[in-house]
Amino acid sequence: MTKKPSLSIVIPCYNEEQRMKIAINGAVRAAEASGRETEVIFIDDGSTDDTYRIGCELISGDDRISMVKRPHQGKGGAIKAGVALCSGDVIITADADWSMPPEQVVRFLEVLDKHSTSQIVIASREIDGSMRYGEPTTRHIIGRVFNVFVRVIILPDIQDSQCGFKAYRDQAAKTLFADLNTTGWAFDVEILAKARRLGMPINEIPIDWRYDGDSRLNTTRDALTMTLAVIKLRLKMRRD
């Protein structure tokens, strides 16, 4: 890439060899929809399959996209590593499955363009205007229970802290991720809680979201892990 990007897209990957074509195509669609000079950074979070090799083959010749391989740390750790490499004025984090239509990145950019004070824009599957497709009832219930728990414990005004699609102004992202402690699935809660503590305005916007049965999130096991992580984070914030 010869020009400094105005938009960076960070996508963590873990054992995504079957989905890398979807992941890369989605990133290209998002970049083109944005109308901005864009860099895309895939962080291979210590995959044990051919994610990295396949990704490198698929992005060959497109200098907007890079693949970075790191030891396994968890989704939060992977995004932290990606944010540190970003050069764009706006940083978007996205999931490899592109469960949100890639073209909807413009919704985030429109909010940041319209509201100069806004620092973070997060996707919501729960507020008015959002649409969910194909999600099993059990997973939806568990997700809603966790979101209610998070609101009661630490983020009272955020309806959906866990959706993987978020946008940050560059300095907000660099500040929030620099000392991230939660490297697993619950990292979003730490990021948003820190943003609230620092007085960074957060906008929550509706998206269309489609359930992917090949999710890396184990609903039962990871929900418990995330719950314990949120409790630990809340206790730490009280001490601080």
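The values are calculated or read from the model by the stated rules, or taken from the named source; none is laboratory data. Because the structure is predicted, anything quoted here is derived from the model rather than measured. Here Cβ is always computed from backbone atoms with ideal geometry, including for glycine, and neighbour counts include all displayed protein chains.
Among the residues of the stretch 157-180, those identified as of a type in the set (S, T, N, Q) and within 24 Å of Pro102 (Cβ to Cβ) are Gln159, Ser161, Gln162.
Would you check if Thr175 is at pLDDT 95 or above, over 14 Å from the mean Cα position of the chain (by Cα) and surrounded by fewer than 19 Cβ atoms within 10 Å (Cβ to Cβ)? Answer is yes for this residue. Whenever a residue of the stretch 44-67 is in contact (Cβ under 8 Å) with a residue 40 or more places away in the chain and closer than 13 Å to Ala27 by Cβ, its partners that are in a strand (DSSP E or B) and of a type in the set (S, T, N, Q), lying with C-beta atoms within less than 9 angstrom and at least six residues away or across chains, give the pairs Arg64/Thr38. Among residues that are among the small types (Gly, Ala, Ser), surrounded by fewer than 21 Cβ atoms within 10 Å (Cβ to Cβ), within 23 Å of Gly82 (Cβ to Cβ) and touching a residue at least 24 places away in the same chain (Cβ under 8 Å), Gly184 is included.
Taking each residue of the stretch 191-212 that is surrounded by fewer than 19 Cβ atoms within 10 Å (Cβ to Cβ) and looking for partners that are among the hydrophobic types (A, V, I, L, M, F, W, C) and assigned to a loop (DSSP other than H, G, I, E, B) with beta-carbon atoms closer than 6 Å, six or more apart or interchain, yields Pro206/Ile127. Against the condition farther than 22 Å from Lys174 by Cβ, at pLDDT below 95 and in contact with a strand residue (DSSP E or B) (Cβ under 6 Å, 6 or more places away or on another chain), how does Arg132 come out, does it pass? Against the criterion (farther than 22 Å from Lys174 by Cβ, at pLDDT below 95 and in contact with a strand residue (DSSP E or B) (Cβ under 6 Å, 6 or more places away or on another chain)), Arg132 qualifies.
Scanning the stretch 146-176 for residues that are charged (D, E, K, R), out of contact with any Asp or Glu (no Cβ under 8 Å at 6 or more places or on another chain) and in contact (Cβ under 8 Å) with a residue 24 or more places away in the chain turns up just one, Lys174.
Every condition in (1) out of contact with any Asp or Glu (no Cβ under 6 Å at 6 or more places or on another chain); (2) under 23 Å from Arg19 (Cα atoms) is met by Ile54 except one, and the failing one is (1). Somewhere in the stretch 93-100, is a residue under 18 Å from Ala30 (Cβ atoms), assigned to a loop (DSSP other than H, G, I, E, B) and touching a Cys at 6+ places or on another chain (Cβ under 7 Å)? The answer is yes; a qualifying residue exists. Where strands (runs of 3 or more DSSP E) sit wholly within the stretch 137-236, those with at least 2 residues that are among the aliphatic types (A, V, I, L, M) occupy 202-206. Taking the stretch 121-136 as the range and being hydroxyl-bearing (Ser, Thr, Tyr) and assigned to a loop (DSSP other than H, G, I, E, B) as the test, only Ser130 passes.
Only one entry of Ile154, Ile120 meets the criterion of being more than 13 Å from Glu204 (Cα to Cα) and either buried (at least 16 other Cβ atoms within 10 Å of the Cβ) or modelled with pLDDT under 95 (or both), and that entry is Ile154.
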